[in-house]
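Structure first, commentary second.
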Amino acid sequence: MPKSVISKEYLPMVVWAGMVAVLLLAFAFFPKSADWYGWIQAVGLIVGLMVAIAVPAIQRRQEFAEQRAQLCERNVGYGRRLHYFTVELLELLGRVAANLAHLRASDRHRCQRTIEDFLHRLFESHKHDVSDERIVIIHDLRHLAQTLADELESGRSDRVVMLDLEKRLQKVAYRAQVSAALAERS
């Protein structure tokens with residue numbers, strides 16, 4: 001389909017300006033011919049005023065729509081990233097819980113460094129996020145990651161603590177998934 005010369009936002013303005021011009025020029029035939037140039041000036045002035053008012057309004061509407069689309073895209077990105085972070089922490093917790101009794105000190109330290117890296121990436125990717133819901137989820141996620149790091153540092157092999165962490169983390173993961181789905185819908 002060929003692209004039109006006038007975009008659909010400007011089409012009503014062009015139609016109205018054309019109708020006003022035709023109407024005013026039709027009235028120009030009734031007076032004397034000396035008034036013809038005055039009528040042409042009047043038509044030009046009125047059409048120019050219509051264009052001067054309509055074009056900035058259309059441009060503001062286009063800018064607003066573009067800003068809204070960028071905001072929606074950014075919110076979807078934040079929501080998806082937060083969901084991926086929760087899944088990543090769930091996987092790490094699953095690996096730790098599966099091998100809890102057999103973890104050596106070097107394995108525990110490696111997991112702690114992974115958690116520190118995770119917390120750093122979480123902070124960096126969401127430091128400009130302004131959604132209250134996601135901020136609460138991030139806080140919960142950071143708290144759970146710190147609790148896991150503390151548990152690894154203690155050297156204990158307490159399955160009850162790991163099961164409790166897993167249950168709490170699954171709730172946070174569900175909230176993050178719902179938040180991402182809501183961001184995609186809006």
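Does Leu141 count as farther than 29 Å from Leu71 by Cα, surrounded by 15 or more Cβ atoms within 10 Å (Cβ to Cβ) and touching a residue at least 40 places away in the same chain (Cβ under 8 Å)?
Spelling it out, it is not the case that Leu141 is farther than 29 Å from Leu71 by Cα, surrounded by 15 or more Cβ atoms within 10 Å (Cβ to Cβ) and touching a residue at least 40 places away in the same chain (Cβ under 8 Å).
Which one is nearest to Glu9 (Cα to Cα), of the residues in the stretch 53-67 that are at pLDDT below 90 and among the hydrophobic types (A, V, I, L, M, F, W, C)?
Once the filter is applied, the top-ranked residue is Ile58.
Condition check: of a type outside the set (Gly, Ala, Ser), at pLDDT below 90, surrounded by 11 or more Cβ atoms within 10 Å (Cβ to Cβ) and in a helix (DSSP H, G or I). Does Met50 satisfy that?
Criteria met by Met50.
Which is in the same structural domain as Glu166 (by TED's automatic domain parsing) and either modelled with pLDDT under 90 or in contact with a strand residue (DSSP E or B) (Cβ under 6 Å, 6 or more places away or on another chain) (or both), of His83, His139, His128?
His128
The values are calculated or read from the model by the stated rules, or taken from the named source; none is laboratory data. Model, not experiment: these values are computed from the prediction. Every residue, glycine as well, gets a Cβ built from its backbone with ideal geometry; the counts of neighbours run over all protein chains shown.
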